[in-house]
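**Student:** Pasting a structure here, questions to come.
The values are calculated or read from the model by the stated rules, or taken from the named source; none is laboratory data. Quick caveat: nothing in here was measured; it's all calculated off a predicted structure. Here the Cβ positions follow ideal geometry from the backbone for every residue, glycine too, while neighbour counts run over all protein chains shown.
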Amino acid sequence: MAKKKLISAKINGEPREFACEPRQSLLEVLRDSLQLTGAKEGCNNGNCGACTVLLNGEPVVSCLVLALEAEGAEIETVEGIAAGGQLQPLQQCFLEGAALQCGVCTPGFLMTAKALLDRVPHPSEAEIRFQLAGNLCRCTGYDKIVRAVQAAAEGTNP
Amino acid sequence: MQDFDYAAPISTHEAVQLLADPGHKAVVLAGGTDILVLLRERRRRATLVVDVKKIAELNELAMTADGGLFLGAAVPCSRIYREAAITEKYAALVDATKIIGGWQIQSRATVGGNLCNASPAADSIPPLAIYDAVAEIAGPNGRRQMPVADFCSGVGKNVMARGDLLVAIILPPIEARSGAAFQRFIPRNEMDIAVASAASLVELDDQGIICKARIVLGAVATTAVRASHAEEALVGQPPSDELFAQAGALAERSARPIDDMRGTIEYRKHLCGVLTRRTLAIAVERAQSKTQ
Ligand SMILES: Cc1cc2nc3c(=O)[nH]c(=O)nc-3n(C[C@@H](O)[C@@H](O)[C@H](O)COP(=O)(O)OP(=O)(O)OC[C@H]3O[C@@H](n4cnc5c(N)ncnc54)[C@H](O)[C@@H]3O)c2cc1C
Ligand code: FES
Ligand code: FES
């Protein structure tokens, strides 16, 4: 078995250290070693987006990132987006707009949507749908998710 | 996932040494969007994964002195389409990088990896081929360059030997009065593998007559194929919808597709005609918008 290595990264703004095997994905380490179980394993092959986190500000599927690649990086997960006990506007709009049913896809959608609104504060509906295409939802039919993102962008409740 | 060691060399030389070392079965890791899936599903074996993203040269994305583009093999798609200068010059490549997977995939997937993986449906290969892009390879015996059009040798196969590393893809400068476009057909709106694809490039002379054309089709043969007869029919002609339709019909004959779950032979050939026609119209529009 390949030796474990020690990795330092900033996770949700805090410096963290963890040991991992080279073959472990970032998703595995987040969930199993760091107890950050927000990111979900849907497909484990890059297609569903349930494991989306931000790596140096860019959305990535953490099932297709080796944990070792996080050395020196900044990682944001869904656990980190609500500041001071207050839900982030996107979270609030998802909740109020019923943009989730089983909720397995939600952390991934929130992270991609956050990355989108960080770059494009007022995206069009087409832009939202295009940029969220890497996140799959088997429950909602997407419309409520798109409306929740629009509401968060416009600062209105859906 | 299967057990392997990991190395992240910071120079091309060091990477080549690791890849050539007979003591390992080494594979290159760029964005990992193909290789990590293959390793996890045990469709590829490795004892050492060589992450090439820490090598400065492979992260370079810059216009060359002669006005071409140096595209480092570790540059992800999202970095490419965010550069206005690249969109202006190499629009067909940008068309492709915007639809390779979703945003999460584009943050990581490289054009270099897309080329090395050598899928017949790889979206970046037809655009690279119409621009006459060249692959720069470093190996145990030094460096060499070869046209991207000759790089893939079959489904999932390329010309690279043990110890070889793709350093960059170099796109030659393009003529001022030229335009290009890439389109693919998929049954969904986003996130799917091309049933067929086409990249077209046209160059116009002072009178607006087509003086050069390049058409390369994807997903309709074991590697990307050039539609030479369609190209020849365009040269010397003023652009028109009838001409594009004629080129489309000729392009269909260059396709040698297979029947599979994504489409029949007949359907794929038909798509080649449609996509050729459409990409030619956009390419001409783009060329004309630059000349005005
Ligand atoms: C959900 C999903 C959707 C996708 N959608 C599309 C799509 O729409 N269109 C499309 O074309 N592709 C698609 N792909 C595949 C696409 O992401 C890859 O082909 C990608 O471009 C490969 O680049 P990478 O940097 O991730 O390569 P990696 O996975 O890191 O490597 C790919 C292969 O190339 C080799 N390699 C990489 N870099 C080098 C180098 N510098 N020198 C030598 N060998 C090297 C690796 O060893 C490996 O064999 C999709 C993949 C996923 C998971
Ligand atoms: S679990 Fe990572 S994309 Fe599905
Ligand atoms: S809410 Fe169930 S998958 Fe989206």
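**Student:** How many of the residues in region A:12-54 are under 12 Å from the mean Cα position of the chain (by Cα) and among the aromatic types (Phe, Trp, Tyr)?
**Tutor:** Residues that pass the stated criteria total 0.
**Student:** Can you tell me how many residues within region B:94-105 are within 15 Å of ligand 2 (Cβ to nearest atom) and part of a helix (DSSP H, G or I)?
**Tutor:** The qualifying residues number 3.
**Student:** If residue B:131 meets every condition in (1) more than 23 Å from residue A:53 (Cβ to Cβ); (2) aromatic (Phe, Trp, Tyr); (3) surrounded by fewer than 24 Cβ atoms within 10 Å (Cβ to Cβ) apart from one, which number is that one?
**Tutor:** All conditions are met except number (3).
**Student:** Touching an Asp or Glu at 6+ places or on another chain (Cβ under 9 Å), farther than 20 Å from residue B:220 by Cα, surrounded by 19 or more Cβ atoms within 10 Å (Cβ to Cβ) and of a type outside the set (Ser, Thr, Tyr): is that true of residue B:139 in this structure?
**Tutor:** On the way: touching an Asp or Glu at 6+ places or on another chain (Cβ under 9 Å): yes; farther than 20 Å from residue B:220 by Cα: yes; surrounded by 19 or more Cβ atoms within 10 Å (Cβ to Cβ): no; of a type outside the set (Ser, Thr, Tyr): yes.
No.
**Student:** Does any residue of region A:135-151 turn out to be more than 13 Å from chain B (Cβ to nearest Cβ), away from ligand 3 (no atom under 16 Å from the Cβ) and either exposed (fewer than 12 other Cβ atoms within 10 Å of the Cβ) or without any contact (Cβ under 8 Å) to a residue 60 or more places away in the chain (or both)?
**Tutor:** Yes, there is a match, as at least one residue in region A:135-151 is more than 13 Å from chain B (Cβ to nearest Cβ), away from ligand 3 (no atom under 16 Å from the Cβ) and either exposed (fewer than 12 other Cβ atoms within 10 Å of the Cβ) or without any contact (Cβ under 8 Å) to a residue 60 or more places away in the chain (or both).
**Student:** Something else: Where residues in region B:14-56 are in contact (Cβ under 8 Å) with a residue 24 or more places away in the chain and among the small types (Gly, Ala, Ser), which of them is farthest from the other protein chains (Cβ to nearest Cβ)?
**Tutor:** By that ranking, first place goes to B:20.
**Student:** Given the criteria within 14 Å of chain B (Cβ to nearest Cβ) and surrounded by fewer than 20 Cβ atoms within 10 Å (Cβ to Cβ), does residue A:14 qualify? Before you say what the answer is, go through the steps one by one.
**Tutor:** Values: within 14 Å of chain B (Cβ to nearest Cβ): no; surrounded by fewer than 20 Cβ atoms within 10 Å (Cβ to Cβ): yes.
So residue A:14 fails the test.
**Student:** Scan (1) within 14 Å of chain A (Cβ to nearest Cβ); (2) among the hydroxyl-bearing types (Ser, Thr, Tyr); (3) exposed (fewer than 15 other Cβ atoms within 10 Å of the Cβ) for the single condition residue B:153 breaks and write down its number.
**Tutor:** (1)
**Student:** Inspect all residues belonging to region B:193-206 and state whether any of them is closer than 29 Å to residue A:134 by Cβ, away from ligand 1 (no atom under 16 Å from the Cβ) and modelled with pLDDT under 95.
**Tutor:** Checked region B:193-206: no residue is closer than 29 Å to residue A:134 by Cβ, away from ligand 1 (no atom under 16 Å from the Cβ) and modelled with pLDDT under 95.
**Student:** If we keep just the residues of region B:257-274 that are farther than 11 Å from residue B:244 by Cβ and among the aliphatic types (A, V, I, L, M), which is surrounded by the fewest Cβ atoms within 10 Å (Cβ to Cβ)?
**Tutor:** If we filter region B:257-274 for residues that are farther than 11 Å from residue B:244 by Cβ, which is where we start, we get B:257-272.
Within this subset, residues satisfying the condition of being among the aliphatic types (A, V, I, L, M) are B:258, B:261, B:265, B:271.
Working: B:258: 14, B:261: 5, B:265: 14, B:271: 25.
The residue in question is B:261.
**Student:** Among the helices (runs of 4 or more DSSP H) confined wholly to region B:1-91, which include 2 or more residues that are at pLDDT 95 or above and in the same structural domain as residue B:136 (by the TED database)?
**Tutor:** The qualifying helices (runs of 4 or more DSSP H) are B:77-81, B:84-89.
**Student:** Additional query: Here is a list of conditions, (1) over 30 Å from residue B:7 (Cβ atoms); (2) facing chain B (nearest Cβ under 9 Å); (3) in contact with a Gly (Cβ under 6 Å, 6 or more places away or on another chain), and residue A:116 meets all of them except one; can you say which number that is?
**Tutor:** Single failed check for residue A:116: (3).
**Student:** Check residue A:98 against each of (1) touching a residue at least 40 places away in the same chain (Cβ under 8 Å); (2) over 30 Å from residue B:48 (Cβ atoms); (3) away from ligand 3 (no atom under 16 Å from the Cβ) and name the one condition it does not meet.
**Tutor:** (3)
**Student:** Given the condition within 14 Å of chain A (Cβ to nearest Cβ), more than 18 Å from the chain's Cα centre (by Cα), over 20 Å from residue B:273 (Cβ atoms) and surrounded by fewer than 18 Cβ atoms within 10 Å (Cβ to Cβ), answer yes or no: does some residue in region B:209-217 qualify?
**Tutor:** Let us first name the residues in region B:209-217 that are within 14 Å of chain A (Cβ to nearest Cβ), namely none.
No.
**Student:** I'm checking my understanding of the structure. Among residues of region B:79-105 that are touching a residue at least 12 places away in the same chain (Cβ under 8 Å), under 23 Å from residue A:56 (Cβ atoms) and among the charged types (D, E, K, R), which one is farthest from the other protein chains (Cβ to nearest Cβ)?
**Tutor:** B:83
**Student:** Select, from A:57, A:80, A:49, A:42, the only residue that is surrounded by fewer than 22 Cβ atoms within 10 Å (Cβ to Cβ), at pLDDT 95 or above and within 12 Å of chain B (Cβ to nearest Cβ).
**Tutor:** Values: A:80 fails: within 12 Å of chain B (Cβ to nearest Cβ); A:49 fails: surrounded by fewer than 22 Cβ atoms within 10 Å (Cβ to Cβ); A:42 fails: within 12 Å of chain B (Cβ to nearest Cβ).
Of A:57, A:80, A:49, A:42, the one residue that is surrounded by fewer than 22 Cβ atoms within 10 Å (Cβ to Cβ), at pLDDT 95 or above and within 12 Å of chain B (Cβ to nearest Cβ) is A:57.
**Student:** Does any residue of region A:1-21 turn out to be within 16 Å of ligand 1 (Cβ to nearest atom) and modelled with pLDDT of 95 or more? Spell out how you get there, then give the answer.
**Tutor:** So in region A:1-21, the residues within 16 Å of ligand 1 (Cβ to nearest atom) come out as none.
No, region A:1-21 has no match at all.
**Student:** Right, another one. Against the definition (touching a residue at least 60 places away in the same chain (Cβ under 8 Å), more than 11 Å from every other protein chain (Cβ to nearest Cβ), of a type in the set (Ser, Thr, Tyr) and farther than 30 Å from residue A:129 by Cβ), how does residue A:8 come out, yes or no? It would help to see each step written out before you state the result.
**Tutor:** Numbers: touching a residue at least 60 places away in the same chain (Cβ under 8 Å): yes; more than 11 Å from every other protein chain (Cβ to nearest Cβ): yes; of a type in the set (Ser, Thr, Tyr): yes; farther than 30 Å from residue A:129 by Cβ: yes.
Yes, satisfied.
**Student:** Of the conditions (1) within 14 Å of chain A (Cβ to nearest Cβ); (2) touching a Ser or Thr at 6+ places or on another chain (Cβ under 7 Å); (3) farther than 19 Å from residue B:173 by Cα; (4) not in a loop (DSSP other than H, G, I, E, B), residue B:108 clears all except one; give me its number.
**Tutor:** (4)
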